[in-house]
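Below is one structure, written out as structure tokens, with a few remarks after it.
The values are calculated or read from the model by the stated rules, or taken from the named source; none is laboratory data. Quick caveat, the model's predicted, so the values are computed rather than measured. So basically every Cβ, Gly included, is an ideal-geometry build from the backbone, and we count neighbours across all protein chains shown. Heavy atoms of the whole protein, side chains included, go into the accessibility calculation; ligands, DNA and RNA do not. Shrake-Rupley method; radii C 1.70, N 1.55, O 1.52, S 1.80 Å.
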Amino acid sequence: MGTFGDQLRQVLRRLGRAPLFTAITLITLAAGVGANTVIFSVLEGVLLKPLPYPHPERLIGVWHKAPGINIPDLNMAPSFYFIDREQSTTFQDIGAYTNDSFSITGAGEPEQVYGLDVTDGTLPLLGVVPAVGRLFTREDDSPGTPETVLISYGYWHQKFGGDPGVIGRSITADGKPRQIIGVLPEGFHFLDEKDAAVIAPFKWDRDKMKLGNFSYRALARLKPSVTMEQASADVARMLPISIRSFPAPEGFSIKLFETAQIGPNLRPLKQDVVGDVGNVLWVLMGSIAGVLLIACANVANLMLVRVEGRRQELAIRAAMGAGWRRIAGELLFESVILGLLGSLLGLALAYGALRILVAMAPTGIPRLHEIGIDVPVLLFTLAIALFSSLLFGCIPIFKYAGTHLNTGLREGGRALSASRERHRARNTLVVVQVALALVLLICSGLMIRTFRALMHVPPGFSGPDQVQTFRFYVPETDIPDTDRERLVRMEEDILNKLQAIPGVSRASFSSMIPMDGNDSNDPIFAQDRAYADGELPPLRRFKWVSPGYFGTVGTPLIAGRDLSWADTYQKIPVAIVSENLAREYWHDPNSALGKRIRVASVDDWREIVGVVGDVHDNGASEKPPATVYWPIMMDHFEGQKEMLRRGIAFAIRSPRAGSESFLREVRQTVWSVDSNVPLAEVHTLGYFYTQSMARTSFTLVMLGVAGAMALLLGIVGIYGVIAYSVSQRTREIGIRMALGAQRQTLVAMFVRHGLWLASIGIVCGLAGAFAVMRLMSSLLFNVSPVDPVTYAAVTVGVVVTAYLACYLPSRRAATVDPVDALHAE
């Protein structure tokens, strides 16, 4: 311990005597290590860490596929759920769930809260133990039993002050009194869904269930020792039983479900939670690892300069009997100390950066609440600290700690011109830095091109920042289903009052807002097409809209007319379709007018009266879905005698959209018609548009930061090599100038040297980029992984920056006084 303590004191003393070297080294390492720690924390929290539930490896997502109708991922249907729960031999249990939203009234100002609907087995599958009360039982989830709910720990404290006496009390949710039976534990997150304030049971009636309605998600827990293959075989066995056990919906036949060839598509539950974000995170991890390598190369260059200055000292120690192992060990020990100190500083930077990153990260990044500095992250930081220390510490050791020390006493003073061999290691490191920086900059450039391409895609609406939206739900307790027209007239009354607000030019409502993440899909039959028995056409996006909706959101009318209030109240069988649907079926928008479509065989045929522009509902990077727009109130639709949408989204076009004063007026206007209806999901259309590109912009920013850091470190490396070369060749410069060499010639000599190194690095970087960029192809949109514009622009930028980095220190060569240079020797 005494020897270790002495060595540590000596290292710290030497570092203290070189404050500039120590500060630059620590800052460089802290930047590289800190950036890697941040990205690894995200990678570990999102991808590597197991789900926070008991035995998460046995939890699976229960999906299906229907190759007969080209659907790779088909959700759970209630009819399938009942058979799976009753007859599975591989599931310990199965649970279904879906997102919901509840209007909470009767206790102050009405509010809309996020919620979940679940079956009684869903939460126990995740090992949930309530903080207070109990979970749902089979009785709670049965039709005809008293209404019950669970509330979240946060909502318990927010609404009821954490009062344990809340159990047994009732809240009015969607117009129904519901008894609170339990409080979920603190910190509980249901998969990666938005934290739900209220959770309610489905209460499905098995006796009234029919096939179809694939609108729910499901999870299951495998029995011990059961494999995914065994579970898939079990589900495949039960699917025909499900199809035979329940009737088909009105207007559909059992043959349709058999033709769809529905099969199992099980997957680990973690895959459902994480989604496809893995590609983004691995690309970012590789990019930031490149920054660390560049930082190590920079530090290795600094270490070479430092050891170069100590050659005389090390040579004397070698001559006095110090062995190669001892000298190498001391140099390596100093590198390890620098690596650990830089990593500690990087860890502190990472802690602060993570807090900012989690706050700014897009909603598309899952498991954000699980990202942080934990034991695996600390071990990773220690590992890269040691790796970095060995990487930048071994280069000067191999170069100077061996036989080269024997030449230290025989060489002249520092004014002697340095040999090519003495510069070879530093030149090689600069080439590596430039190559890695070029690869990262090309990554950034391709993401910039992708972002620009996305921005130039017409989304199907206009002026999104001037469109205010909010969701609105009227429970049956306020207006019963038997009085549908009254509900629609109330909604029209709200529209008229909203249009009277100063600054409002248009207002309308629909079942969903573009890009808000909601969707409804069903097949469409065209009257002028022939279908084989059991044939099911492709699914289409469905939206229910009020008159004036397209003008409000700015979707152009291509052909025909808009819906009217007469269509709605008189229940005239009409519809509007998107341009891509019209072209697919009838090759021309005008040819679609007058054609008739329907969903179920018992439905009325509905005449197409208009064709509107395509809307990129799934994001600008995805093809716009073929869409059918229906009136908000209809008869004989989807096998039902009557159809009405209770949950709708209002859209209001105004330059005041998004302002707090405008939102206050909107709320007061709505409540002047119905004081029990809260407003939910209050955002501008621009918010949804921005969120649709959030992951791309997040990746762009992260790669941009990595590229900027890489370029800065690479240029610092070139600058350092040229500056060091000038300082080491002072005597040579003096002789050249004494013999008549022009200052411009000397500057050009050093600039050529730096640009030669940069050129080699650029060639290596381009070769590496061609290979690496193909891995990024899934992140790009309308941009080739070998896009010549990006490659050329980045290459020119690196050359220009490298020239400046070479020129500035090269000017020192022109200021050398030949007399002083020769006297210095």
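With a Förster radius of 22 Å, plug the Cβ-Cβ distance of Asp73 and Lys641 into 1/(1 + (r/R0)^6) and report the FRET value to the nearest 0.05.
It comes out at approximately 0.10.
Using a 7 Å offset from the Cα along the Cα-to-Cβ direction at both Arg667 and Phe387, what is the distance between the two label points in nm, to one decimal?
The two pseudo-label positions are separated by 5.1 nm.
Using the per-residue mean of other Cβ atoms lying within 10 Å as a proxy for protection, in what order, highest first, do the peptides 14-27, 500-513 fall?
My ranking of the peptides, most packed first, is 500-513, 14-27.
Excluding Phe550 itself, what net charge comes from residues whose Cβ is under 13 Å from its Cβ, given Lys and Arg +1 and Asp and Glu -1?
With Lys, Arg at +1 and Asp, Glu at -1, the net is +1.
Under 5 Å between amide H atoms, partner at least 5 residues away or on a different chain: which partners does Trp544 have, H built in plane at 1.01 Å?
Ser511, Met512, Trp630
List, in order, the whole-Hz ³J(HN,Hα) value for each residue of the stretch 525-536 obtained from phi through the Karplus relation with A = 6.51, B = -1.76, C = 1.60 and θ = phi - 60°; use x for Gly and Pro.
Computed from phi, the couplings for the stretch 525-536 are 9, 9, 5, 8, 10, 9, 10, 6, 4, x, 6, 10 Hz.
Give the distance, in whole Å, between the Cα centre of the stretch 116-142 and the Cα centre of the stretch 243-259.
For the stretch 116-142 versus the stretch 243-259, the Cα centre distance is 31 Å.
Please state the relative contact order of the stretch 562-631 as a whole percent: Cα pairs under 8 Å, 6+ residues apart?
Values: 111 pairs, mean separation 27.0, N = 70.
Rounded, it is 39 percent for the stretch 562-631.
Place a point 7 Å from Cα of Leu47 in the direction of its Cβ. Which residues in the stretch 689-708 have their backbone N less than 19 Å from it?
695-707
Once the dipole of the chain is set up with Lys and Arg at +1 and Asp and Glu at -1 on Cβ about the Cα centre, which of His683, Leu429, Met76 lies farthest towards its positive end?
After comparing all options, I get Leu429.
Sorted by packing (mean other beta-carbon atoms within 10 Å per residue), highest first, where do 802-809, 242-249 land?
Packing proxy ranking, top to bottom: 802-809, 242-249.
May I ask you to evaluate 6.51 cos²θ - 1.76 cosθ + 1.60, the Karplus curve with θ = phi - 60°, for each residue of the stretch 443-451 and list the ³J(HN,Hα) values in order in whole Hz, giving x for glycine and proline?
3, 4, x, 5, 5, 5, 4, 4, 4
Can you tell me the accessible area per residue over the chain, all protein chains present, probe 1.4 angstrom, in square angstrom?
43 Å²
Please give the Cα centre distance for the stretch 165-182 versus the stretch 433-479, rounded to the nearest Å.
Measuring centre to centre over Cα atoms gives 40 Å.
Where the centroid of each part is defined by its Cα atoms, how far is the stretch 753-802 from the stretch 498-521 in Å?
Each part's Cα centre sits 45 Å from the other's.
Roughly how many nanometres apart are two label points built 7 Å out from the Cα toward the Cβ at Asp195 and Trp756?
In this crude label model, Asp195 to Trp756 measures out at 6.2 nm.
Near Arg596, within a Cβ-to-Cβ distance under 13 Å, what is the net charge of the other residues, with Lys and Arg +1 and Asp and Glu -1? Walk me through the numbers before you get to the answer.
Details: positive: Arg529, Lys595, Arg598, Arg606; negative: Asp528, Asp603, Asp604, Glu607.
Cβ neighbours under 13 Å give a net charge of 0.
Just grab the label-to-label distance for Ala767 and Glu485, each label 7 Å out from Cα along the Cβ direction, in nm (one decimal).
8.0 nm
Ignoring ligands, DNA and RNA, please state the percent of accessible area on the stretch 139-268 from carbon and sulfur, probe 1.4 Å.
In the stretch 139-268, the share of accessible area belonging to carbon and sulfur is 50 percent.
If we sort 55-66, 777-788 on the protection proxy, mean other Cβ atoms within 10 Å, highest first, what's the order?
On the way: 55-66: 19.6, 777-788: 15.8.
The packing order, highest mean first, is 55-66, 777-788.
Taking a label point 7 Å from the Cα of Lys203 along the Cα→Cβ vector, which residues of the stretch 77-106 have an amide N closer than 20 Å to it?
In the stretch 77-106, the label zone of Lys203 (backbone N under 20 Å from the point 7 Å along Cα→Cβ) covers 78-79, 82, 96-106.
Once you have a ≥ b ≥ c as the square roots of the Cα gyration tensor eigenvalues for the stretch 126-197, tell me rounded if a/c is under 1.5, and otherwise prolate or oblate according to whether a/b is larger than b/c.
Because a/c hits 1.5 or more and a/b fails to exceed b/c, the stretch 126-197 counts as oblate.
Can you give the relative contact order of the stretch 482-566 as a percent, counting alpha carbon pairs under 8 Å and 6+ residues apart?
Answer for the stretch 482-566 is 27 percent.
Taking the Cα centre of the chain as origin, sum charge times position over the Cβ atoms of Lys and Arg (+1) and Asp and Glu (-1), and report the length of that vector in debye to the nearest 20.
Result for the chain is approximately 4300 debye, rounded to the nearest 20.
Enumerate the calculated ³J(HN,Hα) couplings along the stretch 176-182 in order (Karplus 6.51 cos²θ - 1.76 cosθ + 1.60, θ = phi - 60°), each rounded to whole Hz, writing x wherever the residue is Gly or Pro.
My calculation for the stretch 176-182 gives 10, x, 10, 7, 7, 10, x Hz in order.
So, R0 is 22 Å and r is the distance between the beta-carbons of Asn518 and Asp465; what FRET efficiency does that work out to, to 0.05? Please report the intermediate quantities before stating the final value.
Numbers: r = 21 Å, r/R0 = 0.94.
Efficiency, rounded to the nearest 0.05: 0.60.
Excluding same-chain residues fewer than 8 positions from Lys497, which lysines have a Cα within less than 25 Å of its Cα?
Those lysines meeting the cut-off are Lys543, Lys571.
What residue among Met455, Thr25, Leu746 has its Cα farthest toward the positive end of the dipole of the chain, where the charges are +1 on Lys, Arg and -1 on Asp, Glu, each on the Cβ?
After comparing all options, I get Leu746.
How high is the relative contact order of the chain, in percent, with contacts defined as C-alpha pairs under 8 Å that are six or more residues apart? Mind dumping the intermediate values first?
On the way: 1478 pairs, mean separation 134.8, N = 825.
Dividing the mean separation by the residue count of the chain yields 16 percent.
Search the structure for amide H atoms under 5 Å from the amide H of Gln261, placed 1.01 Å from N in the peptide plane, and list their residues when 5 or more places away or on another chain.
It is Gly68, by chain and number.
Considering only DSSP beta bridges whose two residues both sit in the stretch 570-708, what percent are antiparallel, to the nearest 5?
If we restrict to bridges inside the stretch 570-708, about 60 percent are antiparallel.
Apply 1/(1 + (r/R0)^6) to the Cβ-Cβ distance of Val789 and Lys623, taking R0 = 25 Å, and write down the FRET efficiency to the nearest 0.05.
0.50
What length, rounded to one decimal in nm, is gained on full extension from Ala359 through to Ser659, with 0.36 nm per residue of separation minus their alpha-carbon distance?
Extending this stretch completely gives an extra 105.7 nm.
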